[in-house]
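Some notes on the structure that comes next.
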Amino acid sequence: MSDLTSLIQDLVIANRILAKEEVVDAYGHVSIRHPDNPKHFLIARSLAPDLVGPEDIVELGLDGQPVGGDSPQLYLERFIHAAIFEARPDVMAVVHAHAEDTLPFSIATATKLRPVIHAGSFIGKEVPVWDIADSFGDTNLLVTNIEQGRDLAKCLGAHSVALMRGHGFASAARSLIEVVRLSVYLPRNARALMRAKQLGGEIKYLSQGEIDARNRGYRPYSPETWRTWEYWANKAGCGHLLTRPDDGHPHPPKG
Ligand SMILES: [Zn+2]
C-alpha cells in the first residue's frame, strides 16, 4: 500500500472517529496536508464525516480551490483548512467542528477555556476566541472565503485551537492522530470545566509546567497513543482500515 493510500485511509478513520465521538455531526471536517506537496491538502467532499470513504477524498490548494478540473461539491468552510495550512508550515492536520460543549466559551467572556483535565493539556494554556464580526461585520458566521480563513488563522497564531464565536472551533496539529485526539478531548475538557464551575469555588487549571511535562512525554505513534487510535477506530466501525506506520500491516478489528 502506498503512503498516500494509507494516509487517505487514516483520514477516513479520522472522519469516522470524530463522528462517533460526537465532535462533528452532519457538519464539521478534518483535513491533512498532502505528503508530497505541502501546498495542497486532502479533505472529503461535502459529506457528513460518518459517511466518508476513501473515494470521497479530494485534493485542494492553499487557496481552497480544487486541484485539477471538475470537482464534486466541496465544504463551504474549506477555507479554514486552506488558510491554516498556508499560515502554519508546522501544521499537518486541521479539524473544524461545532461541538456543543465548546460553544459557551466562545460567547461568554467571564471564563476562558483552558486545560483542567490531563487529556486536555494538548489544547495549550491559552485558547483564543475569533469573532468573525470584528473584521467582517454581520455575516452568516460561516468561513466562506479565504480572507475570512486567513483572519481566523491569524487569531489562531501559534496556538493549537481557536474558538469561533457562536460557531465552533478550529484545531491544528503536527499529525492527524494529534489533531483528532485534541479535538475529541477539547469538548470533554470544556464539559469538565463547566461542571466544576457549577460546583463553585476556585478552579484549578493545569499549570504551564504540567502542560509542558505532558507535551514532552507525547509521541504521535507511541503504543499509548496508538492504543487510543485503535480503540476509537474499532468503536467507529472502521478498524479494518487501520494501518500502522511502523510495520505497514493492517490491524484487523478485535472480535
Ligand atoms: Zn462551521
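The values are calculated or read from the model by the stated rules, or taken from the named source; none is laboratory data. All figures in this text were calculated on a predicted structure; none of them were measured in a lab. Glycine gets a Cβ as well: all are built from the backbone with ideal geometry, and neighbour counts include every protein chain shown. Areas reflect the complete protein model, heavy atoms only, side chains present, ligands, DNA and RNA absent. Shrake-Rupley method; radii C 1.70, N 1.55, O 1.52, S 1.80 Å.
Listed values, structure above:
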read-out: Strands (runs of 3 or more DSSP E) enclosed by the stretch 12-114 - at least 2 residues per element that are buried (at least 20 other Cβ atoms within 10 Å of the Cβ) and more than 16 Å from the ligand (Cβ to nearest atom); value: 29-33, 40-44, 57-61
read-out: Every pair of residues 6+ apart whose Cβ atoms lie under 6 Å, when the first sits in the stretch 214-240 and is surrounded by fewer than 18 Cβ atoms within 10 Å (Cβ to Cβ) while the second is assigned to a loop (DSSP other than H, G, I, E, B) and modelled with pLDDT of 90 or more; value: P220/S175
read-out: Counted residues, the stretch 157-189 - those being within 23 Å of P35 (Cβ to Cβ), charged (D, E, K, R) and either within 16 Å of the ligand (Cβ to nearest atom) or crowded, with 24+ Cβ neighbours inside 10 Å (or both); value: 0
read-out: Where Y221 falls short, out of the listed (1) at pLDDT 85 or above; (2) farther than 25 Å from H98 by Cβ; value: (1)
read-out: Yes/no for L163 being in a helix (DSSP H, G or I), within 18 Å of K125 (Cβ to Cβ) and either in contact with a Leu (Cβ under 9 Å, 6 or more places away or on another chain) or without any contact (Cβ under 8 Å) to a residue 40 or more places away in the chain (or both); value: no
read-out: Of the criteria (1) in contact with a strand residue (DSSP E or B) (Cβ under 8 Å, 6 or more places away or on another chain); (2) at pLDDT below 95, which one F105 fails; value: (2)
read-out: Close pairs (6 angstrom Cβ cut-off, 6 or more residues apart or separate chains): on the phi > 0 side of the Ramachandran plot in the stretch 166-179, near the ligand (Cβ under 9 Å from one of its atoms) and open to solvent by less than 10 Å² (accessible area, probe 1.4 Å) anywhere; value: G168/A97
read-out: Selection from the stretch 141-156 of residues that are open to solvent by less than 10 Å² (accessible area, probe 1.4 Å) and within 14 Å of the ligand (Cβ to nearest atom); value: V143, G149, L152
